[in-house]
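Q: Here it is, the structure in full.
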Amino acid sequence: MARSRIDRRDFVRTIAVAGGSLAVAGLVPACTGDASHDHALMTEPTLARGGGGAVTRNPLRTPPAVAPSGLTLRAAPGTASIIPGKSTTTWMYNGQFPGPTIVAESGGEYPGVTFQNGLTQDSIIHWHGLLVDSPNDGHPRQVVPPGGTYGYTLRVAQRAALNWYHPHPHMMTGEQVYRGLAGAFIVRDGVDTGLAGNAFGLPVGEYEVPLIIRDASFDSRGNFQFSNKSSGFWGNMPLVNGTVGPYLDVQKGVYRFRMLNGCNARVLRLALNNGGAFTLIGNDGGLLDQVYGVSEIVAAPGERFDVLLDFQGLSAGATVMLRDLDAKWDVLEFRVIDSTPSGSLPSGSLSTIAALSNPVTNRRFTFDGMTRINGKVYDINAIEFQVPFDTTERWTFVTNGNGPHPVHVHGAAFQVEARRGGRGRTFEWERGWKDTVLVHDGETVDVLIRFTAHRGLYIMHCHQLAHEDAGMMANFEVV
Ligand code: C2O
Ligand code: CU
Ligand code: CU
């Protein structure tokens with residue numbers, strides 16, 4: 001297939017308005033993942049080298065969108081067609097790999113959300129990024145046994161953002177997430193409505209696509225290979241929304257991609273093969289202060305990135321590849337189809353982010369080896385520290401071997417203030433509100449944090465899931 005180059009001016013060009021359908025549940029329906037696609041892709045050297053023109057790719061799946069009210073999420077084993085012609089034993093929510101995309105409204109109260117544990121081990125769902133009260137946060141103490149259920153009421157009172165949900169049982173999160181238990185959780189609000197006519201003309205409907213990017217390894221029969229060694233599991237190929245070697249047909253318009261690094265351990269360095277820039281508009285905590293053009297994004301497990309891509313300047317048949325520069329992987333191919341150019345990129349300011357300042361307390365957390373925070377392996381029954389409600393603090397995350405450590409905090413969003421050592425700076429995608437920040441080995445990262453949502457029991461931990469499972473986690477209480 002012919003390739004063409006986009007230059008930066010095309011990405012920055014501003015033209016008319018996009019169409020596209022709409023609605024809270026306006027995300028594209030799932031591909032059924034039929035087994036009719038060619039097997040050539042699975043010759044791993046081709047995939048690893050990437051870029052070859054002869055590779056047969058598979059249409060990107062998009063999980064179905066669901067509303068949270070009265071939603072039952074049942075985790076259970078099943079089979080999914082991931083590798084063409086093979087079936088893979090997976091653990092799934094509601095038989096979907098990945099799980100359905102939940103779409104909620106800020107200000108909404110959603111009772112009757114039920115987790116059913118159809119696994120043969122304990123589990124619980126945590127809503128990563130949702131600032132919910134402690135009984136609804138999915139703390140590891142709240143696990144339910146096989147056959148058990150847990151009822152949630154989700155009161156969503158935060159900015160629009162891409163969040164996600166996944167299991168959080170102590171010592172078993174890595175395997176459960178790896179085998180397929182994860183899904184996107186989109187929050188809308190009055191600005192970022194997900195509807196046509198929204199404040200910044202952000203793409204909606206089929207032009208807004210969640211991308212859950214993760215790695216995996218399969219044996220020759222198509223089943224997952226996995227080991228939970230604490231150095232972390234690194235798969236040997238990327239999946240996007242559970243699709244191996246995906247492509248997406250794109251109109252000559254502006255698209256919004258809601259990207260999540262859903263890997264157990266791998267840090268991705270995302271870029272476009274043509275040198276084009278991402279128009280970065282948001283991250284873990286929603287819209288940034290303004291639009292940024294970035295040519296690569298370093299994405300750690302648990303982090304989210306909201307980017308726009310403008311395909312208007314390309315001709316039909318052109319392709320653009322989303323790549324991981326570190327693994328040298330082709331992650332997702334965009335194929336431009338013959339259509340009339342439409343849409344526009346926002347420019348300038350997007351939101352006002354009130355800066356946290358004047359911390360009254362400094363706390364220091366060292367992430368030691370692969371199992372400890374401040375020298376301690378996780379004790380599920382302990383409360384390691386107490387944080388006063390509605391008070392700004394500076395938390396300093398220090399690495400001390402075996403990074404990278406993506407540090408995640410439940411119960412509040414934070415602002416990344418500074419990074420010393422290592423990369424020595426903060427990045428555009430770390431502006432605004434975050435709940436997960438990458439601390440590479442040799443780095444020290446300061447964040448400002450203020451718990452304004454709820455008092456109660458929460459946790460902080462490394463989101464390298466093998467580190468988390470091995471004990472790199474700490475309970476605290478907001479009082
Ligand atoms: Cu994504 Cu404590 O988790
Ligand atoms: Cu979380
Ligand atoms: Cu870690």
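The values are calculated or read from the model by the stated rules, or taken from the named source; none is laboratory data. Computed from a predicted model, the values in this text were never measured in an experiment. Every residue, glycine as well, gets a Cβ built from its backbone with ideal geometry; the counts of neighbours run over all protein chains shown.
Q: Based on what the data block shows, is ILE213 part of a strand (DSSP E or B), within 29 Å of LEU322 (Cα to Cα) and within 16 Å of ligand 2 (Cβ to nearest atom)?
A: no
Q: While we're here: Hey, could you check region 430-473 for residues that are more than 10 Å from ligand 3 (Cβ to nearest atom) and of a type in the set (S, T, N, Q) and say which is nearest to the chain's Cα centre (by Cα)?
A: Once the filter is applied, the top-ranked residue is THR436.
Q: Could you tell me whether any residue of region 391-403 is within 16 Å of ligand 2 (Cβ to nearest atom) and not assigned by TED's automatic domain parsing to the domain that holds PHE305?
A: Yes; the residues of region 391-403 include at least one that is within 16 Å of ligand 2 (Cβ to nearest atom) and not assigned by TED's automatic domain parsing to the domain that holds PHE305.
Q: Here is a follow-up. Can you spot a residue in region 400-412 that is in a strand (DSSP E or B), modelled with pLDDT under 95 and out of contact with any helix residue (DSSP H, G or I) (no Cβ under 9 Å at 6 or more places or on another chain)?
A: Yes, that holds for at least one residue.
Q: Separate question: Residues THR90, THR72: which one is buried (at least 19 other Cβ atoms within 10 Å of the Cβ) and touching a residue at least 12 places away in the same chain (Cβ under 8 Å)?
A: THR90
Q: What residue, of LEU325, LEU332, LEU314, LEU308, is more than 28 Å from ALA413 (Cα to Cα) and in contact with a Lys or Arg (Cβ under 6 Å, 6 or more places away or on another chain)?
A: Exactly one of LEU325, LEU332, LEU314, LEU308 is more than 28 Å from ALA413 (Cα to Cα) and in contact with a Lys or Arg (Cβ under 6 Å, 6 or more places away or on another chain), namely LEU325.
Q: Could you tell me whether SER220 is free of Cβ contacts under 8 Å to residues at least 40 places away in the same chain, surrounded by fewer than 24 Cβ atoms within 10 Å (Cβ to Cβ) and part of a loop (DSSP other than H, G, I, E, B)?
A: yes
Q: Under 6 Å between Cβ atoms, at least 6 apart or on separate chains: pull out the pairs that start in region 254-283 with a residue that is free of Cβ contacts under 8 Å to residues at least 60 places away in the same chain and end on any residue that is of a type in the set (Phe, Trp, Tyr) and in a loop (DSSP other than H, G, I, E, B).
A: none
Q: Given (1) out of contact with any strand residue (DSSP E or B) (no Cβ under 7 Å at 6 or more places or on another chain); (2) within 21 Å of PRO406 (Cβ to Cβ); (3) crowded, with 21+ Cβ neighbours inside 10 Å, identify the lone condition not met by VAL204.
A: Result: VAL204 passes all but (2).
Q: Of all residues in region 207-234, which are touching a strand residue (DSSP E or B) at 6+ places or on another chain (Cβ under 6 Å) and within 23 Å of ASP284 (Cβ to Cβ)?
A: Within region 207-234, TYR207, GLU208, VAL209, PRO210, LEU211, ILE212, ILE213, ARG214, ASP215 qualify.
Q: Please enumerate the residues belonging to region 326-373 that are part of a loop (DSSP other than H, G, I, E, B), acidic (Asp, Glu) and at pLDDT 95 or above.
A: If the condition is that a residue be part of a loop (DSSP other than H, G, I, E, B), acidic (Asp, Glu) and at pLDDT 95 or above, then ASP326 is the only one that fits.
Q: Additional query: Can you tell me which residue in region 125-179 is surrounded by the fewest Cβ atoms within 10 Å (Cβ to Cβ), limited to those that are within 13 Å of ligand 1 (Cβ to nearest atom) and charged (D, E, K, R)?
A: ARG141
Q: While we're on this one: What are the residues in region 223-261 that are outside any strand (DSSP E or B) and within 20 Å of ASP324 (Cα to Cα), if any?
A: GLY232, PHE233, TRP234, GLY235, ASN236, ASN241, GLY242, GLY245
Q: Moving to a separate point now. Considering (1) farther than 24 Å from PHE311 by Cα; (2) at pLDDT below 90, say which one ARG5 fails and leave the rest.
A: (1)
Q: Still on this model: Of (1) hydrophobic (A, V, I, L, M, F, W, C); (2) touching a Pro at 6+ places or on another chain (Cβ under 7 Å); (3) under 27 Å from VAL250 (Cβ atoms); (4) in a loop (DSSP other than H, G, I, E, B), ILE102 satisfies all except one. Which?
A: (4)
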